[in-house]
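Peer 1: This is the structure I want to talk about, given as C-alpha cells.
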Amino acid sequence: MKTNLELCIDLKTMLQNDVLMKPGKNYPGILRREIPSEEFDFDDNRYSFTETIRSTASKRNPHVFDGQYITVTRRDDGSLRLNFKELKMGAGFKVERFALGVFNEICVALEGLIER
C-alpha cells in the first residue's frame, strides 16, 4: 500500500444522509480527483467524494440454521423457510439414513428457533 498526504485541497462531498462528514465515521464511496480546467480557473487540488449506498446493509433472507442436509432462512415478514441442500447420492447412500438425518436436523433447527 502506498500512502500520500495531499496538502491544501478542496473537497466537495456528496453524502446520502449527513450534511457534513462526522469525525470518526467511515463513509463508503468514491473519491475522485477532478481534472484541472483553464476555463473555470481552478488548480489541480480539487477532489470530490460521493457516498455510495451499502448494498449489504441487510442480507435478504438470512440463514438462521445451516446443517448438513437443510438450511433455514428467515423471510422479511419473520416466517421461516426450510431449504434442502443438494442431495449427494454416492456409494453407501441409504434412504433411511438420509431421511433420519433430515428429521433430526429439522427438530434441532425448529427447537432452537421456535423457543426463542
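Peer 1: Short version: ³J(HN,Hα) in whole Hz for each residue of the range 13-18, in order, from phi by Karplus 6.51 cos²θ - 1.76 cosθ + 1.60 (θ = phi - 60°), x for Gly and Pro, what are they?
Peer 2: 10, 10, 10, 6, 10, 7
Peer 1: Something else: Taking the number of other C-beta atoms within 10 Å as the exposure measure, put Ser48, Ser37, Ser79 in order starting with the fewest.
Peer 2: In increasing order of surrounding Cβ atoms, one gets Ser79, Ser37, Ser48.
Peer 1: Along each of the three principal axes of the Cα atoms of the range 63-114, give the extent in whole Å, ordering the values from largest to smallest.
Peer 2: Between the extreme Cα coordinates on each principal axis of the range 63-114 lie 40, 19, 12 Å.
Peer 1: List the chymotrypsin sites (Phe, Trp or Tyr not before Pro) within the range 60-93 that DSSP assigns to loop and that have no more than 11 neighbouring Cβ atoms inside 10 Å.
Peer 2: Listed in order of number, the matching sites are Phe93.
Peer 1: Starting from the Cα-Cα distance between Cys107 and Arg60, subtract it from 0.36 nm times their residue separation and give me the gain in nm to one decimal.
Peer 2: Contour length minus Cα-Cα distance gives 14.5 nm.
Peer 1: Oh, and also: Pop out the ³J(HN,Hα) list for the range 72-84 in order, Karplus 6.51 cos²θ - 1.76 cosθ + 1.60 with θ = phi - 60°, rounded to Hz; leave Gly and Pro as x.
Peer 2: Along the range 72-84, the couplings run 10, 10, 10, 7, 4, 7, x, 6, 9, 10, 8, 10, 7 Hz.
Peer 1: Which whole-number percent gives the relative contact order of the chain, counting Cα pairs below 8 Å spaced six or more residues apart?
Peer 2: 18 percent
Peer 1: Excluding residues fewer than 8 places away in the same chain, name every one of the lysines whose C-alpha is closer than 21 Å to that of Lys25.
Peer 2: Hits, sequence-local ones excluded: Lys12.
Peer 1: Over the Cα atoms of the chain, what Rg and Dmax result, in angstrom?
Peer 2: 26.4, 79
Peer 1: What is the set of long-range amide H partners of Tyr69 at a cut-off below 5 Å, with H atoms built 1.01 Å from backbone N?
Peer 2: Close amide H contacts, sequence-distant or interchain: none at all.
Peer 1: Arrange the following residues from fewest to most other Cβ atoms within 10 Å of their Cβ: Glu6, Glu51, Glu105.
Peer 2: By the 10 Å Cβ count, ascending, the order reads Glu6, Glu51, Glu105.
FYI, it's all coordinate maths here, none of it is from the lab. Only a predicted model underlies this, so the values are computations on that prediction, with no experimental measurement involved. Reconstructed Cβ throughout: ideal geometry from the backbone, glycine too, with neighbour counts over all protein chains shown.
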